[in-house]
Amino acid sequence: MFDPVEKLKQYVRCQSVSTDSSFQKGMTECREFVAGLLTEMGLEVDVIETPLHPVILGKRNGPADWPHVVIYGHYDVQPADPVEMWDTAPFEPVIRDERIYGRGTADNKGPLMVHLAAVASLLEELPDLPLRITFLIEGEEEIGSPSFNEILETRKKDLSADLVFLSDTGSPNESQIVVTCGIRGIVTLDAELTGPKTDLHSGIHGGALLNPIQALMQLCDSLHDTDGRVAIDGFYDDVVDVEDWERQELAKLGVSESEYLDFLGLDQFSCVPGFSPFEAVRFQPTLEFNGIGGGYQGEGSKTVIPSKAFVKISARLVANQTPEKIEALISQALYDRCPAGVSIKVTSGHSGAPYLVVPPGRPNTPEDQSEALAKAFSTIEASVTRVFGKPPLFLREGGSIPIIADIKRVLGMDSIMLGLFLPEDNLHAPNESFHLGVMKKAITVSKDVLKSLALR
């Protein structure tokens, strides 16, 4: 008997932090646990080595004329830091008030367990189900999936399917489920400004040179106008217009701006004119400063002019923008606007393209949309309505899952994204959790979708 809650507890205990080499043992344990689950379910398991953390393929084979679905997930998690902010040990799962707490419960171990449990249950009930299933589970999502594109290229035959099914996106509450239709892309860069060859005494040398921190503040300030728009020529050139049906769907979200402010702990928003905060985080690109530093950071004061200052930048991209173009525009703007008196070095980070898929029946639904995709959209709408008590909303999301666009580019496959984590699940933060009621209902929805693909 496949008990998804007990399996999830075991899964969470695997300390699979991909960014920190000291967690290599946890990564190995986690990979072996997932491979073992797939084997128990009767799937053929293939562990594909990569330079960092292997990819797991779990395959249910069948005749070539059977439909084929790829189910994506990732077994790596974010670091638990700051550990002292957790109420319980981050890698020892605890259940309280219909929630399971622990690092990775919501991102992505709980949602992936939904689909693992759905497949296990479905194959137990219908062992002859005419459906090929491939689980594609990576261990590098939290570090930008550096090995993923090569896997797509080298395993095209194994991964060629009708569509991808996954849950690595969110919904606003436990009764209102979102089927995510678009995700933003991402570009990251680091900029380092250098002034004098060493830190200097601010009394002896202050007034004779431009402080790199001051130069950095001037440079950062130049990247936005007074309305908050990105002030780089060409940045918005390729942005796709928002369709009326998207605004209408978003209006059904049922969350007020005051509730959103309260959730954020703010007293006002700062949005590009013409867009509500809910629209801005879904439909507009951004340029953000994620980290900034220079000079003395310790207790008390140290009166120096630092030799260097740095900023970490990310841009979120929307449909039709390309990471290559946006990275080039930002990088050139940084070099062009760097104040005289300091030098600059810009280093590229990771990137990912945005993705947009349109549900059937909308004004801009592609004419060549596949029968399988249309069937999956139709089934998920009916199933969510029946199981959760409300129709799902079809919305774009502000986050980034670069591999979804990579799958579309390399394999030509679209994705159905069932949002299962909630705002209070604290992704990437202390006290991460996953709602067990959502988990139970979502297993039923996943089974419905898979069964409909098999019986089309």
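Before moving on, here are some points about what is shown:
- Among the residues examined, residue 434 does not qualify as crowded, with 17+ Cβ neighbours inside 10 Å, under 30 Å from residue 322 (Cβ atoms) and within 18 Å of the chain's Cα centre (by Cα).
- Residues located in segment 135-162, provided they are crowded, with 23+ Cβ neighbours inside 10 Å, closer than 26 Å to residue 2 by Cβ and either among the small types (Gly, Ala, Ser) or modelled with pLDDT of 95 or more (or both): 135, 136, 137, 138, 139
- Residues in segment 400-440 that are touching a Phe, Trp or Tyr at 6+ places or on another chain (Cβ under 7 Å), among the aliphatic types (A, V, I, L, M) and under 30 Å from residue 94 (Cβ atoms): 427 only.
- Per the listing 274, 265, 203, 228, the residue uniquely in contact (Cβ under 8 Å) with a residue 40 or more places away in the chain, farther than 30 Å from residue 130 by Cα and surrounded by fewer than 14 Cβ atoms within 10 Å (Cβ to Cβ) is 203.
- Qualifying residue in segment 231-245 (condition: over 19 Å from residue 337 (Cβ atoms) and not in a loop (DSSP other than H, G, I, E, B)): yes
- Condition check for residue 259: in contact with a Lys or Arg (Cβ under 9 Å, 6 or more places away or on another chain) and either outside the structural domain of residue 344 (by TED's automatic domain parsing) or in a helix (DSSP H, G or I) (or both): no
- For segment 412-438, the tally of residues that are in contact with a helix residue (DSSP H, G or I) (Cβ under 6 Å, 6 or more places away or on another chain) and part of a helix (DSSP H, G or I) stands at 1.
- Residue count for segment 14-46 under the criterion of being of a type in the set (Val, Ile, Thr) and exposed (fewer than 14 other Cβ atoms within 10 Å of the Cβ): the result is 1.
- Pick from segment 1-57, criterion hydrophobic (A, V, I, L, M, F, W, C) and assigned to a loop (DSSP other than H, G, I, E, B), ranking: farthest from residue 122 (Cα to Cα): 52
- Test: residue in segment 289-308 that is over 24 Å from residue 200 (Cα atoms) and touching a strand residue (DSSP E or B) at 6+ places or on another chain (Cβ under 9 Å): yes
- Residue-level check: of (1) under 15 Å from the mean Cα position of the chain (by Cα); (2) surrounded by fewer than 24 Cβ atoms within 10 Å (Cβ to Cβ); (3) basic (Lys, Arg), residue 132 misses just (1).
- Qualifying residue in segment 85-107 (condition: in contact with a Leu (Cβ under 9 Å, 6 or more places away or on another chain), part of a loop (DSSP other than H, G, I, E, B), of a type outside the set (Asp, Glu) and modelled with pLDDT under 95): no
The values are calculated or read from the model by the stated rules, or taken from the named source; none is laboratory data. Predicted, not measured: the structure shown is a model, and the values here were computed from it. Cβ: placed from backbone, ideal geometry, glycine included. Neighbour counts: every protein chain shown.
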